[in-house]
Amino acid sequence: MAKALIVVDVQPTFCEGGELGVQGGNAVAERIADYVNAHRSEYAYIATTQDWHIEPGTHWSEHPDFVDTWPVHGKAGTANAELHPAIAALNIDHHFKKGQYSPSYSGFEGFEDNTDRIPTREEVSAAMAAGKTLANGLKTAGITRVDVVGLAESHCVKETALDAKKLGFEVHVIENLTEPVSEELGIAARRRMSEADIILD
């Protein structure tokens with residue numbers, strides 16, 4: 001069984017002190033780094049995802065409801081949109097940036113971009129049309145199982161895991177390597193993932 005590890009949105013914007021900081025985010029970043037260093041050889045493919053918002057439309061709001069609209073976060077080209085330093089130090093090969101010109105939660109909505117460029121709408125469309133997607137990256141690597149970790153469990157981790165499941169992968173979410181926005185939302189997310197036959201390790 002060829003396994004992949006997807007490290008979802010471990011960025012300062014989602015850690016303590018960030019625009020949408022998750023309690024325990026920095027500690028999760030450190031635990032993920034330790035895990036990758038200890039288990040790297042078990043994975044045929046490792047990727048990160050990042051919110052890399054340029055003009056995401058109604059996703060950003062001056063009066064956010066924290067359900068469909070949010071404060072400015074993950075702004076492309078800012079320090080808080082970069083990978084968390086603990087994750088950046090791992091020198092992972094594949095980086096998928098998402099949400100440039102639209103709301104985005106799942107890592108499967110992004111495309112591989114291993115630069116810090118701010119692409120135009122046309123460049124984003126061209127990259128997606130060319131199939132530079134996470135789904136194709138996993139398929140090319142012959143992956144059958146996907147392990148998902150990162151931030152936040154209640155939002156982008158859940159949506160990435162659900163999309164992986166829909167694509168036919170065996171999906172595991174490693175509970176010690178993620179945190180929800182709140183315990184209540186975390187419970188709801190875990191219930192939804194369990195109903196979809198995602199394994200919570």
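The values are calculated or read from the model by the stated rules, or taken from the named source; none is laboratory data. Every value quoted in this text rests on a predicted model; they were computed, and no experiment measured them. Ideal geometry is used to build each Cβ from the backbone, glycine not excepted, and the neighbour counts take in all protein chains shown. Only protein heavy atoms, including side chains, enter the accessible area calculation; ligands, DNA and RNA are left aside. Shrake-Rupley method; radii C 1.70, N 1.55, O 1.52, S 1.80 Å.
Tabulated values for the structure
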item	result
Matching residues in the range 189-201 - criterion: being within 14 Å of VAL157 (Cα to Cα) and assigned to a helix (DSSP H, G or I)	ALA189, ARG190, ARG191, ARG192, MET193, SER194
Condition check for GLY131: open to solvent by less than 40 Å² (accessible area, probe 1.4 Å), free of Cβ contacts under 8 Å to residues at least 24 places away in the same chain and not hydroxyl-bearing (Ser, Thr, Tyr)	yes
Identity of the residue in the range 110-128, assigned to a loop (DSSP other than H, G, I, E, B) and over 14 Å from HIS53 (Cα atoms), that ends up most open to solvent (accessible area, probe 1.4 Å)	ASN114
Top-ranked residue of the range 1-23 - restricted to ones that are surrounded by fewer than 16 Cβ atoms within 10 Å (Cβ to Cβ) and at pLDDT 95 or above, ranked as farthest from THR140 (Cα to Cα)	GLY17
Matching residues in the range 134-153 - criterion: being open to solvent by 10 Å² or more (accessible area, probe 1.4 Å) and either among the acidic types (Asp, Glu) or in a strand (DSSP E or B) (or both)	ARG145
Positions within the range 98-107 being closer than 24 Å to GLY168 by Cβ and either touching a Gly at 6+ places or on another chain (Cβ under 6 Å) or buried (at least 24 other Cβ atoms within 10 Å of the Cβ) (or both), in sequence order	LYS98, GLY107
Inter-residue pairs, beta-carbon under 8 Å, first surrounded by fewer than 24 Cβ atoms within 10 Å (Cβ to Cβ) and in the range 154-165, second aromatic (Phe, Trp, Tyr), 6+ apart	HIS155/TYR105; GLU159/TYR105; ASP163/PHE108
Of all residues making up the range 166-188, the number that are more than 21 Å from GLY99 (Cα to Cα) and assigned to a helix (DSSP H, G or I)	6
